[in-house]
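Notes follow once the structure below has been shown.
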Amino acid sequence: MDFTFSFGWMAAGLVIAAVGGAVVYFHRPIAENLASGVASYDKVKLFGIIMSVIGLLVTANLHIIVLELFVKFITGK
């Protein structure tokens, strides 16, 4: 797979990374209102960090390479 840059994927990745950053920043109110409160603060923050990393991968259009490696690992080819 050759690396190709795309402005569409860059815009989508920036949106995903921004939403992930907002989840990390506002993890307490999100956990209190949508999850089980104090017990899930770290889980919500972890979700936001994972979302930000995925957003950065999508921004650089590297998510396709990661998905191909995952499929090759699962299928053994």
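On the basis of being more than 17 Å from Ala17 (Cα to Cα), free of Cβ contacts under 8 Å to residues at least 24 places away in the same chain and in contact with a Lys or Arg (Cβ under 8 Å, 6 or more places away or on another chain), does Ala35 make the cut? Taking the combined requirement at face value, the residue satisfies it.
In the stretch 46-67 there is no residue matching the filter, namely being surrounded by 14 or more Cβ atoms within 10 Å (Cβ to Cβ), among the aromatic types (Phe, Trp, Tyr) and in contact with a helix residue (DSSP H, G or I) (Cβ under 6 Å, 6 or more places away or on another chain).
Considering the stretch 18-33, and only residues there that are within 23 Å of Gly8 (Cα to Cα) and either touching a Cys at 6+ places or on another chain (Cβ under 9 Å) or of a type outside the set (Val, Ile, Thr) (or both), the residue that is surrounded by the most Cβ atoms within 10 Å (Cβ to Cβ) turns out to be Gly20. Within the stretch 1-28, the set of residues being in a helix (DSSP H, G or I) and of a type in the set (Gly, Ala, Ser) comprises Gly8, Ala11, Ala12, Gly13, Ala17, Ala18, Gly20, Gly21, Ala22. Taking the stretch 29-77 as the range and being under 30 Å from Phe3 (Cα atoms) and either acidic (Asp, Glu) or not in a helix (DSSP H, G or I) (or both) as the test, the residues that pass are Ala60, Asn61, Leu62, Glu68, Gly76, Lys77. Among the residues making up the stretch 42-77, those that are farther than 21 Å from Ala18 by Cβ and of a type outside the set (A, V, I, L, M, F, W, C) are Asp42, Glu68, Lys72, Thr75, Gly76, Lys77. Return yes or no: is Ser36 of a type in the set (Gly, Ala, Ser) and surrounded by fewer than 15 Cβ atoms within 10 Å (Cβ to Cβ)? Taking the combined requirement at face value, the residue satisfies it.
Since every read-out is calculated from the coordinates, none of them should be taken as a lab result. These numbers come from a predicted model, not from an experiment. We place every Cβ from the backbone using ideal geometry, glycine too, and count neighbours over all the protein chains shown.
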